[in-house]
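Worksheet: the structure to be examined is printed underneath.
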Amino acid sequence: MQWHPRVLWVGIGCERGTTRELMEATLQRVCRSAHLAEAAIAGVATLDLKADEVGLVELCRDRHWPLRCFTAAELRTVAVPTPSERVAAEVGTPSVAEAAAILASTTRGGEPAPLRVTKHIGRSPDHPGAVTVAIAQAEQEYLGRPGQLWLVGTGPGQLAQMTPAAQGAIAQADVVIGYGLYIDLIRPLLRPGQIVEALPITQERQRAMRAIELAAWGLTVAVISSGDCGIYGMAGLVLEMLADRPWDGKTPSIQVFPGITALQAAASRVGAPLMHDFCAISLSDLLTPWAVIAQRLTAAAAADFVTALYNPRSQSRTSQIAIAQSIFLQHRPPNTPVAIVRAAYRPEEQIHLTTLGQLLEVPIDMLTTVLIGNGSTREQSGWMITPRGYLGADPSRLGKSSPTD
Ligand code: SAH
């Protein structure tokens, strides 16, 4: 098998009226003598004045090559081996072919791409005009379309709990990247021919970097996170890393596919604990200083928010959940209902309803979400309910429209 990644950009300059035949014959001669495969040509680059040059437009059309045009001001900035004073006087840049080839091959913000072939001039007694050809090599293959990054939330862990849009995104992507456990959960959606990369849970940065790299090639890359991708998930990291480089917001393009987050999944298994104002707090202090977490716990407890605790306890990080409990006990009674939901919607699911005072008696780990009720949350026959106030509504409000819409 021979594979020719499309990495060569041909810079072309020419006199007005140069024929397509002369351009093509010169290019073929140049490729042959430099041992370059024409199949590796990604496209043609030139000066914007040549955008309507008939021979050039015909050549690009017939060979399905994109024609990229640069202004003289852009081309002038490129250092080239074979500048020409005559060309500079005529069109305002000392190089068209070499400078355009280099510019088209260079990644934005990157080092100038190397020239594989310096300027060659083509003339023929049989054809009018004259053409100059140079070839540079890009680092990345050109696939003819901008890459796409799809940031996909796969829900709590059961396919039926994933949105159809998220399922479709995973099935359509060229590449699926995620933590190994989540890849296993969505394996039935994968199809032959997809690139699937499972990485260990600690390598979030590498995962995001790899996704950006593959999208830069023009691929459609789905980055998956459990729950919602934008809630303690990969979406934020990928966007932060993109924003950290020259990125126009469009190349690669971004689409975020929401998913059912752990607090919703956990709540659905125990009733309706989130019926009034609530918040989520992660107890992981790997990226957030503990002082900030403690301050938020105190504020949430004091403001009577129903509170979902994510990342409550790991093997090495065990004290935070006890501190969180004591902070909440300063603001809520020990009999406040608490739901402890582990691995919701997965085969190993475990559900416990307990109280704020006794929550440490239930096993809690990194697969667990802890839901702490507010001052009016009740436990009723094994269900957790946070009343919205319908039944105890102020009589003066009766007859007015329901606040639930
Ligand atoms: N992006 C995810 C959260 C990632 S943080 C989401 O939106 O759900 C990881 C934490 O989420 C875990 O420590 C746990 O607290 C919670 N979690 C994720 N999946 C869960 C599940 N199936 N059941 C219970 N908690 C879960």
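When GLY110, GLY144 are screened for being at positive phi and at pLDDT below 95, only GLY144 passes.
For region 359-385, a residue qualifies if it is over 22 Å from ALA299 (Cα atoms) and part of a helix (DSSP H, G or I), and exactly one does: GLU361. If you go through region 320-331 and keep only what is away from the ligand (no atom under 16 Å from the Cβ), among the small types (Gly, Ala, Ser) and under 37 Å from the mean Cα position of the chain (by Cα), you end up with just ALA322. For the subset of region 282-310 comprising residues that are more than 16 Å from the ligand (Cβ to nearest atom) and in a loop (DSSP other than H, G, I, E, B), which member is surrounded by the fewest Cβ atoms within 10 Å (Cβ to Cβ)? Filtering region 282-310 for residues that are more than 16 Å from the ligand (Cβ to nearest atom) and in a loop (DSSP other than H, G, I, E, B), the one surrounded by the fewest Cβ atoms within 10 Å (Cβ to Cβ) comes out as PRO289. Taken together, the residues in region 332-351 that are within 12 Å of the ligand (Cβ to nearest atom) and assigned to a strand (DSSP E or B) amount to 6. Of the helices (runs of 4 or more DSSP H) lying entirely inside region 48-125, the ones with 2 or more residues being open to solvent by less than 80 Å² (accessible area, probe 1.4 Å) and of a type in the set (Gly, Ala, Ser) are found at 72-76, 97-105. The requirement of being in contact with a helix residue (DSSP H, G or I) (Cβ under 8 Å, 6 or more places away or on another chain), in a loop (DSSP other than H, G, I, E, B) and either of a type outside the set (S, T, N, Q) or surrounded by fewer than 18 Cβ atoms within 10 Å (Cβ to Cβ) (or both) is fulfilled somewhere in region 246-256, by at least one residue. Tell me, yes or no, whether region 196-210 has at least one residue that is within 11 Å of the ligand (Cβ to nearest atom), more than 23 Å from GLN140 (Cα to Cα) and assigned to a strand (DSSP E or B). Checking region 196-210: not a single residue is within 11 Å of the ligand (Cβ to nearest atom), more than 23 Å from GLN140 (Cα to Cα) and assigned to a strand (DSSP E or B).
Restricting attention to region 363-379, the residues that are within 16 Å of the ligand (Cβ to nearest atom), buried (at least 17 other Cβ atoms within 10 Å of the Cβ) and not polar (S, T, N, Q) add up to 5.
To keep it simple, each residue is scored yes or no on (1) within 22 Å of GLY144 (Cβ to Cβ); (2) surrounded by 24 or more Cβ atoms within 10 Å (Cβ to Cβ).
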residue: GLN167; (1), (2): no, no
residue: TYR182; (1), (2): no, no
residue: LEU189; (1), (2): no, no
residue: GLU204; (1), (2): no, no
residue: GLY218; (1), (2): yes, no
residue: VAL223; (1), (2): no, yes
residue: SER226; (1), (2): no, yes
residue: LEU242; (1), (2): yes, no
residue: ARG269; (1), (2): no, no
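What are the residues in region 271-281 that are surrounded by fewer than 17 Cβ atoms within 10 Å (Cβ to Cβ) and part of a loop (DSSP other than H, G, I, E, B), if any? ASP277, the sole residue that qualifies. Candidates LEU47, LEU22, LEU8, LEU27: the one that is in contact with a strand residue (DSSP E or B) (Cβ under 6 Å, 6 or more places away or on another chain), at pLDDT 95 or above and farther than 21 Å from GLU141 by Cα is LEU22. Within region 32-42, the presence of a residue that is modelled with pLDDT under 95, farther than 21 Å from GLY129 by Cα and in a loop (DSSP other than H, G, I, E, B) is excluded. Just one residue in the set CYS69, CYS31, CYS14 is assigned by TED's automatic domain parsing to the domain that holds PRO114, under 35 Å from the mean Cα position of the chain (by Cα) and under 21 Å from SER95 (Cβ atoms); that residue is CYS69.
Answer yes or no as to whether GLY129 is away from the ligand (no atom under 16 Å from the Cβ), in the same structural domain as LEU22 (by TED's automatic domain parsing) and not β-branched (Val, Ile, Thr). Yes, satisfied.
Within region 138-165, the set of residues being under 15 Å from THR220 (Cβ atoms), part of a loop (DSSP other than H, G, I, E, B) and open to solvent by less than 20 Å² (accessible area, probe 1.4 Å) comprises GLY147 only. Taken over region 216-241, the criterion of being away from the ligand (no atom under 16 Å from the Cβ) and either among the acidic types (Asp, Glu) or in contact (Cβ under 8 Å) with a residue 60 or more places away in the chain (or both) is satisfied by ALA216, TRP217, GLY218, LEU219, THR220, VAL221.
Name the residue, out of ILE135, ILE170, that is β-branched (Val, Ile, Thr) and not in a strand (DSSP E or B).
Values: ILE135 fails: not in a strand (DSSP E or B).
So the residue among ILE135, ILE170 that is β-branched (Val, Ile, Thr) and not in a strand (DSSP E or B) is ILE170.
Residues in region 156-215 that are more than 24 Å from THR369 (Cβ to Cβ), charged (D, E, K, R) and touching a strand residue (DSSP E or B) at 6+ places or on another chain (Cβ under 7 Å): ASP174, GLU197, ARG210.
The values are calculated or read from the model by the stated rules, or taken from the named source; none is laboratory data. Computed from a predicted structure; not experimentally measured. FYI the Cβ positions are ideal-geometry reconstructions off the backbone, even for glycines, and counts take in every protein chain you see. Just so you know, the surface numbers come from the protein's heavy atoms only, side chains and all, with ligands and any DNA or RNA stripped out. Shrake-Rupley method; radii C 1.70, N 1.55, O 1.52, S 1.80 Å.
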